[in-house]
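Here's the structure we're looking at; comments come further down.
Taken together, the values in this text are just the output of simple stated rules run on the coordinates, not laboratory data. In this text, all values refer to a predicted model and were calculated from it rather than measured experimentally. Cβ atoms come from the backbone with ideal geometry, glycine included; neighbour counts cover every protein chain shown.
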Amino acid sequence: MSGRLTSIGRKFALGLADSVVTLPLLRWTWRGQTDHAFSGDLPDFRPADREAVREMMSGRYLLASKLFETGGASPFSIDVDHPDWWNNLQSFSWLRHFRDVRDPGEKLFARTLVLDWIGREGQFEADSWTLTLTAQRVLNWLRHLTLLLDGATHDQARTIQRSLGTQVQSLRVRGALAADSVEALFAAIGLLGAELCNVGDVPDIDTHVARLDALLGQQLDGDGLHLSRNPKLQLALLVELASLRRAVGRHGSPAMAELTNRIDRMHEALDALTLSSGEPVYFNGCGQVPHDVLVAVQANGPSASRRSRLLGGYGIVRAGETVIIGDGGLRPPPGFDAEAHDGALAFEFAHGSELIVGSCGPAPSDLPESQALFRQGVAHTAPTIDAEGAAERSGRGPQSRPMALDTGEHMLTMTSVGYSQRFGAEIERRLTLLSEGTTLVGQDRIVPKGEPHGLLALRFHLAPGVKVRRTTGEGIARLVLPNGVIWSFLWEGAQFHEEDSVRQSAYLGFHRTRQLVLETNLSKDTEVAWIFTLEQQ
């Protein structure tokens, strides 16, 4: 308790200090480097889309998979109630689409948007100058600075360089005061990028590399997974880190070796949590991510190791063309748990390019009132008792025991202790792949810790487009996948029914889907068995 109070006190003190240095009276201290010159020296490996340029020039901005039409007005002038779209706009990640343009008019348009932002947002605002957004914006400007300055007047070039300097100095001043660890990490990433593009004096790259490496060491586990356990955040970090890694390599920094190893492990962790369908698992705040960016990031890492393993509280089982990823329910530490979901014993299951069973995902950013609903156990392919998940009302106590993986048998065992005090039982889930991944056998067993009571429900949220076919009187359900492949679902030890479900898509909003539900009343010897098996054509 004392440690948690100390942490709260430290965050309060840092937050107070940050509020002081952002007062208008003191912001002049940020201007120490505003006349520094920067050069566009950072590589950008993300794919560019020339059609996106034409759409933006016609007033149509498709950002974060959400389209807004401005009617010719500046996108920075419109009031948009969609945080993901707004963050994408403010970070300038869309500048990559202008990377290969040759037309002077298109270059002018990109420069005009940057100057328009400076005119509207160039003075500190809490929302648009968060450390994460500022770091991403600085990096994206530096990646395309040559484009932005090509054809610019002396005054325009000076305005852009001065704004860059102010933003970089704000990262330097405020990064040391960041109460949020992830914000501090992005500030360090932005400062390293700025130092790599600093042409005003001799760059001090090794110091910035060491600072970034130290912060990563504090925020990654031994497998290279961020402590938030959120694959979406892992991807966002790698977008920036992979670019910096290329740039630092050109400078031959001797301090880069350990940082390179950490980035490699981060790539491996993200690859491990990506299903064969090409999607990272929808756990702990991760929903649909831009597939083209994901592929580009993965192409800039080491060769993917497709093997069964335990990683960061997740269990990965691979056999043939099938991948299962289970969430053991490890709770992220304080400060990293803002996006934590109640997904203990949940799993996602894909065969080849097709997702079969998944989770609902996080609530869309424009529905903040639904965030708590989508974090509950019922939104995951996980057991619940009386519709409650392992973490619900369980305080900060442990939710699960360590997982066990038998790679020879392709079997993952997960045990949740989060129900013990409320319902007198632990739940053990065992997932086994047979016959080269064409059969998944599941067993959910009650381990009594008193007098078990309550209604046990096992939910299997089906992927979009999967149709359920049943014949009256048969204890079997057939699942017809979008590609025409059929899987059979069988069960014993529980009553079966179907319900509606959804899967959150950043591109299309909610997909209406179906979920299979098995229910039974708890007793000391409760055990439910179920099987997904591929029907041979």
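General remarks:
- Cα-projected label distance for Arg60 with Ala255, points at 7 Å along beta-carbon direction, nm: 4.7 nm
- In Hz, Karplus ³J(HN,Hα) per residue of the range 307-321 (6.51, -1.76, 1.60; θ = phi - 60°; x = Gly, Pro): 9, 6, 6, 9, 7, x, x, 10, x, 10, 10, 10, 8, x, 9
- Of Met256, Met414, Met57, Met266, the sequence from fewest to most neighbouring Cβ atoms within 10 angstrom is Met57, Met256, Met266, Met414.
- Segment Arg158-Lys449, extension gain: residue separation times 0.36 nm, minus the distance between their alpha carbons: 97.8 nm
- Set of lysines near Lys524 by C-alpha distance (under 18 Å), chain-local residues within fewer than 8 positions excluded: Lys449
- Length gained when the stretch Glu535-Leu373 is fully extended (0.36 nm per residue, less Cα-Cα span): 54.8 nm
- Each residue in Cys197, Cys360 was given a count of other beta-carbon atoms within 10 angstrom of its own, and listing them fewest first yields Cys197, Cys360.
- Extension gain from Gln123 to Thr207, taking 0.36 nm per residue of separation minus the Cα-Cα distance: 27.4 nm
- Local electrostatic count at Glu339 - Lys and Arg +1, Asp and Glu -1, tallied over other residues with Cβ under 9 Å: +2
- A prolate overall shape is assigned to the range 219-318, the ratio a/c of its alpha-carbon gyration tensor axes (a ≥ b ≥ c) being 1.5 or greater and a/b exceeding b/c.
- Distance distribution P(r), the chain, all Cα-Cα pairs, bin width 10 angstrom from 0: 3, 17, 26, 24, 16, 9, 3, 0 percent.
- Loop-resident sites, the range 370-465, for GluC sites (Glu not before Pro), counting at most 15 other Cβ within 10 Å (DSSP): Glu409, Glu436
- Which of Ser253, Ser93, Ser277, Ser435 has the fewest Cβ neighbours within 10 Å, and the rest in rising order: Ser435, Ser277, Ser253, Ser93
- When only Cα pairs below 8 angstrom with a gap of at least 6 residues are kept, the chain shows a relative contact order of 11 percent.
- Descending by average beta-carbon neighbour count within 10 Å, the peptides 371-380, 116-125, 342-351 line up as 342-351, 371-380, 116-125, the highest first.
- For Leu311, nonlocal amide neighbours, meaning residues 5 or more places apart or on other chains whose placed amide H falls under 5 Å from its own, are Ile316.
- The phi-based Karplus calculation (6.51 cos²θ - 1.76 cosθ + 1.60; θ = phi - 60°) puts the 3J(HN,Hα) values of the range 357-370 at 10, x, 10, 6, x, x, 5, x, 5, 8, 10, x, 5, 9 Hz, whole numbers, x for Gly and Pro.
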